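The values are calculated or read from the model by the stated rules, or taken from the named source; none is laboratory data. Fair warning: this is a prediction, and the values are worked out from it, not measured in the lab. Here the Cβ positions follow ideal geometry from the backbone for every residue, glycine too, while neighbour counts run over all protein chains shown.
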Amino acid sequence: MLGASWLAGFALTKLRILNLTSSCTKVAGVNEISILRSSSASRLTSHVSKAMTSKSSKPPNILIYTGTYDTEGRRFTEVKRALSQVINLHSYVIYRIYEQQLTTHPWVENTALLVLGNSDSVSSKVQEVFLKYLKCGGQILSLCSPFTCQVVKKPLDEYQEPFIGSFRTNQEVVSEVKLHFSALCQPYYFEGERVNIIAEEETSQRPVIIQISEGSGNAVFSLVHLESLADNGKLVSLEQDTQNLKSLRESSDARRKMLLHILILLKLSFKPLKVPELTPLFLLGNELDKQKLMQSLRSSLEDGICKGNQLSLHFVASDEMHIPNVTEEKLPVICHEENSKAVSFNWSTYQKYLKTKVLGKVVFYTDVITSTQTIFDGNYTFTSNIPEDVGMVVVAGQQVKGQGRGGNVWLSPSGCLMFSLHVKIPFASNLGRRPPYLQHIASLAAVEAITSQPGYEDINIRLKWPNDVYFGNKIKIGGVIVTSSATDNMLSAVMGMGINISNTEPTISVNEIISQYNSDRGTDLKQLTMEEMLARTVNKIEALIEDFQENGSAPFLKKYYNRWLHSEVTVNLSVNDMKDKEEVMIIGLDEFGFLLVQTKSGKLLSVQPDGNTFDMLKNLIA
């Protein structure tokens, strides 16, 4: 992420909302904020309640712990690759979790599955964390980890070291398909009571994959390396028998099915999705704006290529018939009009609703991209040559590597509005001196793009600090990431946003909310298209920036507090080098856009997240 350290708060978070305390005491003498919530917006009506009973609050996480020995992350990569082949990648986000995070970060609440792939033992403190998570309803998959509960591991008499063996499933547990497969296995078996045997070593008929229940949670312990789905160099060093290696390779699909059925037992969504191929960019806009852009870029192009640090743009002229291959390092930009008519983006609809003076006048559209942020981030040659009066926005039908705060992954299936908007802000201006407000402007713009329309005012779309968009106070439907760099006396910022407009997974969409609102209220509000929502959001961003630059933060904060979730709510502040917690009350945003809280003694503090990627409102630090 580009930019100075004060931009650390610019990010999209995508993990579970903090269970904020419901009993709040009003602080005397604090007049910084005027709360202007309408009663209809603050109440959760029946259409909200119905949605909350059927939808998850956020895309849940699958966390992988591979221990302290996995310094280069190879074990993590192996486990993640195996899981990615059998789960629904549009329903879960996979992260690596480290030992310190297990005991200090708020990871438990939004974790659908904890996968243990560590080969080293864990401390008693970490074991207690695992057991507590399990007893409270967590799901654990242990892939040859030393951690177990309710069972003991005993040596298999036939083997003294890891071996390639044959295994069969217990049809009473995995009844959908009869499986015999070969795999690398640890030289042990499980013994214990009240266990479901999933698979046995074929020769000894000893259990090597089992399922147990602990409290309200479930765990599957495997002594078999199901994650080794493909050829692996270490397998060759362990066993030179050609026949065994052949059996191992031939059993890749069976091991994949075995892993799939285990995930079904652990109640995960398993619909695997094929990653779509990347597609070219199409340059859309009126001819004058497109000519201005290309004229400004002309001197910086080498054979039509604008080189960036990680991604280069290859502009394809109107007389070129051949379109270069699309890669993650080089992306063709199709400039000629006849080809742009085939794009999925409806330029006419977008143009109909766009009312800006500058922002969003030129569109780069692509069906599939790694992340829209990559077009601007690290491409100084491109961003520095964008004319002052030509606002650029990059829009994608789908992202395969959407970016979030601190390296987080942003789920980006089709049906979500995904875009990155380029803005230039003079440092010598109200907003230039307070750049953290950019993330708040972007998130409020998304909310107002919906709720400022006649009839839509009471739809309960809200803001969660620092940059998330929520339906009510439980269900996340979007978020913002802002990156930046300095160019002479200007701040060059990229506002990245994702809003779920019409996709039913993994949470609720804006159009589902509108449909439920119509059903509940007897109204007939129309649903939103991607193009209309994009145009309305860009309109709001430009208007909010202009107002902030002219009038400062006060008018903006009045609108912002009317939609946010946190006024007079208590949270914990980490003090004494994060060893202790102090309860503080959220007051609002400070002069520079950071979170302002008040201690019980009345002291006002500006705070920021502690760097954890799980919940921005937990473990705040001053």
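Structural remarks
- Boolean, residue 150 is surrounded by fewer than 17 Cβ atoms within 10 Å (Cβ to Cβ) and farther than 30 Å from residue 93 by Cβ: no
- The residues in region 356-379 that are touching an Asp or Glu at 6+ places or on another chain (Cβ under 8 Å) and either assigned to a strand (DSSP E or B) or at pLDDT below 90 (or both) can be counted, and the count is 3.
Residue-wise test of (1) buried (at least 21 other Cβ atoms within 10 Å of the Cβ); (2) modelled with pLDDT of 95 or more; (3) not assigned by the TED database to the domain that holds residue 358.
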| residue | (1), (2), (3) |
| --- | --- |
| 548 | yes, yes, no |
| 551 | no, yes, no |
| 581 | no, no, yes |
| 584 | yes, no, yes |
| 595 | yes, no, yes |
| 598 | no, no, yes |
| 604 | no, no, yes |
| 609 | yes, no, yes |
| 613 | yes, no, yes |
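- When the residues of region 287-317 are filtered to those that are under 34 Å from the mean Cα position of the chain (by Cα) and among the polar types (S, T, N, Q), the one that is surrounded by the most Cβ atoms within 10 Å (Cβ to Cβ) is 312.
- Extreme residue, farthest from the chain's Cα centre (by Cα), among residues of region 329-351 that are part of a loop (DSSP other than H, G, I, E, B), at pLDDT 90 or above and surrounded by fewer than 17 Cβ atoms within 10 Å (Cβ to Cβ): 346
- Among the candidates 509, 515, 484, residue that is in contact with a Pro (Cβ under 7 Å, 6 or more places away or on another chain) and hydroxyl-bearing (Ser, Thr, Tyr): 484
- Count - residues of region 423-446 that are touching a strand residue (DSSP E or B) at 6+ places or on another chain (Cβ under 7 Å) and of a type in the set (Phe, Trp, Tyr): 1
- Residue in region 247-287 that is modelled with the highest pLDDT, counting only those that are among the polar types (S, T, N, Q) and assigned to a helix (DSSP H, G or I): 252
- Flag for residue 507 being under 17 Å from the mean Cα position of the chain (by Cα), in the same structural domain as residue 377 (by the TED database), at pLDDT below 95 and not aliphatic (A, V, I, L, M): yes
- With respect to the conditions (1) modelled with pLDDT of 85 or more; (2) in contact with a Pro (Cβ under 6 Å, 6 or more places away or on another chain); (3) crowded, with 18+ Cβ neighbours inside 10 Å, residue 93 falls short on a single one, namely (1).
- Comparison of 209, 197 shows that the only residue that is modelled with pLDDT of 90 or more, out of contact with any Ser or Thr (no Cβ under 6 Å at 6 or more places or on another chain) and of a type in the set (A, V, I, L, M) is 197.
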